[in-house]
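Reading through the structure tokens given below for one structure.
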Amino acid sequence: MDKYIVHTLTCPLRTPQEGLESKLTDSLLRLFFTLSLAYHVFVTISRFLFLRCRERERERERERELGGLESSRITGEHTGEQDYGSRSTFAGIHEELGIRPEALCESKRKLVDVLQTSRLDDKPSLPSVFQGPFQVSYGPATSAAGNPEEIQKLFPNLYGQPSVDLVPSTKPTFTEKKLKVGVVLSGGQAPGGHNVIAGIYDYLQEHAKGSILFGFLGGPAGIMKCKYVEITSEFLYPYRNQGGFDIICSGRDKIETPDQFKQAMDTVNKLDLDGLVVIGGDDSNTNACLLAECFRANKLKTHVIGCPKTIDGDLKSKHVPISFGFDTACKIYAEMIGNVMVDARSTGKYYHFVRLMGRAASHITLECALQTHPNIAIIGEEVAAHHQTLRQVVNDITDLVCKRAGQGKHYGVILIPEGLIDFIPEIQHLIAELNEILATSTCDPEGHWKHKLTPPSRALFALLPHSIQEELLLERDPHGNVQVARIETEKMLITMVEAELMQRKHEGTYTNNFIGMSHFFGYEGRCGMPTNFDATYCYALGFAAGALLQSGHSGLIASVGNLTAPCAEWTVGGTALTELMDVERRKGKNKPVIKKAMVELDGAPFRKFASVREKWAVEDSYRSPGPIQFAGPTAHETNCTLQLELGAVAA
């Protein structure tokens with residue numbers, strides 16, 4: 001080609017015939033190079049496809065090497081047993097959950113961390129009632145947390161049933177009949193979920209030998225689509241005392257339409273289930289109650305039991321003192337807050353605004369405050385009770401900044417609950433109106449929808465920063481709630497405090513510099529390795545759920561009490577789910593829901609906090625509790641909230 005280029009540049013003028021020959025040569029050369037390029041592309045693609053096919057073959061070999069046990073467990077080859085329907089294949093798991101086919105078997109099969117592996121064989125203690133024969137003791141008939149007449153109409157087959165306690169007996173009261181039980185993880189993750197499943201499995205093996213436990217994949221969607229895996233001892237082992245929900249994964253789908261309830265009934269019939277355990281928060285356990293009502297109304301043999309899960313700590317009652325995961329999550333957040341406190345004191349120039357999980361209640365913020373002693377901890381329930389405006393909240397923070405500046409301190413730590421804006425009455429009204437509008441229509445770009453707001457809400461919406469306006473209009477979560485995790489309240493407060501301090505500078509009442517640093521501690525706490533308390537509590541909950549199913553109960557939530565005493569003295573039973581129910585307006589309609597447990601301003605935890613917060617505000621009383629301990633003097637300590645509520649320590 002180079003000779004050709006040189007030749008064309010140096011040759012003299014050509015005759016017409018020579019020009020024609022030159023054009024023909026050019027065309028042939030272009031054709032040659034085009035074919036050459038096509039050949040190289042073909043070779044490259046062929047090589048890529050060859051390598052890809054070889055990689056797929058290696059994946060198939062790796063899958064076969066995992067052993068026939070895992071393969072048969074997931075694909076449904078179950079020698080000598082009935083085919084229960086749509087057992088998930090590796091391909092089905094990949095399709096439904098969006099994960100590599102081999103990941104379900106490999107995800108925790110190779111634990112290399114010393115602490116993780118050491119925790120696998122640490123068997124939690126059990127309440128003494130499980131050390132021998134036991135029987136069921138029944139309490140009085142129950143009502144509802146609110147609107148009992150409406151709840152009775154919605155749950156005619158379950159309403160009024162008593163709560164129960166498991167008490168020692170002189171002889172066995174249940175026949176050791178083989179059971180087929182399903183379990184599902186529903187909603188957000190919480191440390192300890194794997195131990196609930198371990199507790200159910202171990203209970204069935206000890207008290208109903210030969211029973212089968214199925215785990216529905218990906219949350220309630222796994223029930224509707226009949227996607228499940230059989231849980232065996234080998235499959236379960238790598239998940240014992242470990243964080244996360246990855247043994248079967250979770251999901252936020254809800255079973256609420258007639259077609260979805262029919263799908264759920266078809267699944268439990270195909271699997272011939274005697275029981276179903278729903279591990280979840282308030283919405284998930286409401287769904288469990290609806291399933292229990294549906295199954296009983298249609299005369300299905302499947303009983304449904306719930307287990308209290310949420311790191312937010314807002315699923316609790318007299319008989320359900322705490323939801324699992326709260327203890328671990330708060331201790332994880334407290335460690336990070338303690339680190340931030342040391343940083344604040346070390347630099348001497350930053351105010352750290354820390355937003356913490358807790359969409360509906362401020363339990364996490366209160367507990368972390370009790371553990372770490374911040375300068376300010378905003379408790380949403382107190383803001384609502386005092387009808388504080390957003391401006392008042394900002395002024396309280398600004399006043400503290402000025403007061404500490406007078407002492408030569410230009411740093412501090414401020415804790416903010418995730419759902420703060422839900423607690424400010426004026427914003428509550430605005431959100432309620434926005435929920436109604438979004439449930440029935442859309443927000444047009446021209447803003448005509450704003451005329452549907454009442455004048456006060458319209459004026460408040462106009463005053464909010466544009467970023468907050470957009471966040472308030474985001475798509476709602478599956479339960480119809482504002483996705484407050486996306487609303488950066490901490491940044492909004494920093495901006496508003498800066499503006500207020502600037503105004504005070506102009507007035508001559510503040511002369512220093514303010515630097516705000518924002519943090520959001522959220523998902524970091526959901527899948528941590530469970531504390532000794534959560535690991536033991538969850539294992540006991542699993543045993544409780546298994547016992548309630550074996551004794552033929554349905555529509556109850558497993559409950560374990562007396563939790564500040566040694567584990568042997570813990571009490572075990574089941575609380576009627578309808579007893580926790582109320583009616584709430586969601587997506588423009590009245591819906592049955594488990595009433596959330598909010599921070600009680602006359603409760604022991606808040607009273608303890610209120611008695612010391614003024615001292616914390618101006619003094620550096622910071623505490624840095626450090627990482628979670630599994631051995632040593634603090635390894636078995638429960639959280640401050642539980643100790644104060646159960647009277648283990650004085651308020």
(request) Could you give the spread of the C-alpha atoms of segment 403-445 along their three principal axes, from largest to smallest, in whole angstroms? (result) 54, 23, 16
(request) Excluding residues fewer than 8 places away in the same chain, name every one of the lysines whose C-alpha is closer than 20 Å to that of LYS505. (result) LYS349, LYS403, LYS409
(request) Kindly write out, for segment 163-169 in residue order, the coupling ³J(HN,Hα) from the Karplus curve 6.51 cos²θ - 1.76 cosθ + 1.60 (θ = phi - 60°), rounded to whole Hz, with x marking Gly and Pro. (result) 7, 10, 10, 8, 10, x, 9
(request) Would you tally the net charge around PRO625, using a Cβ to Cβ cut-off of less than 15 Å, leaving PRO625 out, and scoring K and R as +1, D and E as -1? (result) -2
(message) Give me the one-decimal nm value for the distance between modelled label points at ALA297 and ALA385, 7 Å along each residue's Cα-to-Cβ direction.
(response) 3.9 nm
(request) Mind listing the long-range amide H neighbours of PHE520? Cut-off is under 5 Å, sequence gap 5 or more, other chains count too, H placed in the peptide plane at 1.01 Å from N. (result) ARG355
(message) Kirkwood Rh over alpha-carbon pairs of segment 386-485, then Stokes-Einstein at 10 °C and 1.306 mPa s: what D in µm² s⁻¹, rounded to an integer?
(response) 103 µm²/s
(message) If packing is taken as the average number of other Cβ atoms within 10 Å across a peptide's residues, how do 117-128, 597-608, 164-175, 367-378 rank, most packed first?
(response) 367-378, 597-608, 117-128, 164-175
(request) Give the accessible area for PHE130 in Å² (nearest 10); use a 1.4 Å probe, count only protein heavy atoms, and leave out ligands, DNA and RNA. (result) 20 Å²
(request) Quote the accessible area belonging to VAL572 in square angstrom, nearest 10, computed with a 1.4 Å probe and with ligands, DNA and RNA left uncounted. (result) 0 Å²
(message) Checking the a/c ratio against 1.5 first, then a/b against b/c, what shape does the Cα gyration tensor give for segment 260-401?
(response) prolate
(request) Calculate, axis by axis, the spread of Cα positions in segment 239-313 along the three principal axes, and write the results as whole Å, longest axis first. (result) 37, 23, 18
(message) If packing is taken as the average count of other Cβ atoms within 10 Å, what order do 498-507, 412-421, 549-558 fall into, highest mean first?
(response) 412-421, 549-558, 498-507
(request) First measure r as the distance between the Cβ atoms of HIS448 and ASN157, then evaluate 1/(1 + (r/R0)^6) with R0 = 45 Å and state the FRET efficiency to the nearest 0.05. (result) 0.45
(message) Over segment 273-340, what portion of Cα pair distances is larger than 20 Å, expressed as a whole percent?
(response) 43 percent
(request) Return the sequence-ordered ³J(HN,Hα) values of segment 297-314 in whole Hz as given by the Karplus equation 6.51 cos²θ - 1.76 cosθ + 1.60 applied to θ = phi - 60°, using x for Gly and Pro. (result) 4, 9, 6, 7, 7, 6, 8, 10, 10, x, 9, x, 10, 4, 6, 5, x, 9
(message) Spelling out what I want: for every residue of segment 374-385, take phi, set θ = phi - 60°, compute 6.51 cos²θ - 1.76 cosθ + 1.60 (Karplus), and round to whole Hz; glycine and proline get x.
(response) x, 6, 9, 10, 7, 9, x, 5, 6, 4, 5, 5
(request) Please work out whether segment 574-630 counts as rounded, prolate or oblate from its C-alpha gyration tensor, where a ≥ b ≥ c are the square roots of the eigenvalues and a/c under 1.5 means rounded, while otherwise a/b larger than b/c means prolate and anything else oblate? (result) prolate
(message) With +1 on the Cβ of every Lys and Arg and -1 on the Cβ of every Asp and Glu, and nothing else charged, how large is the dipole of segment 551-632 about its Cα centre, in debye rounded to the nearest 20?
(response) 520 debye
(message) For the pairs LYS153/LYS595; LYS316/LYS615; LYS452/LYS589; LYS209/LYS596; LYS209/LYS270, flag any whose C-alpha to C-alpha distance is greater than 26 Å.
(response) LYS316/LYS615; LYS209/LYS596
(request) Determine the dipole magnitude for segment 357-472: charges of +1 sit on the beta-carbon of Lys and Arg, -1 on that of Asp and Glu, nothing else is charged, the reference point is the Cα centre, and the result goes in debye to the nearest 20. (result) 420 debye
(request) Can you grab the distance from the C-alpha centre of segment 499-568 to the C-alpha centre of segment 184-203, Å, no decimals? (result) 17 Å
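The values are calculated or read from the model by the stated rules, or taken from the named source; none is laboratory data. Computed from a predicted structure; not experimentally measured. Using ideal geometry, Cβ is built from the backbone for each residue, glycine included, and neighbour counts are taken over all protein chains shown. Keep in mind that these areas ignore ligands, DNA and RNA; they rest on the heavy atoms of the full protein, side chains included. Shrake-Rupley method; radii C 1.70, N 1.55, O 1.52, S 1.80 Å.
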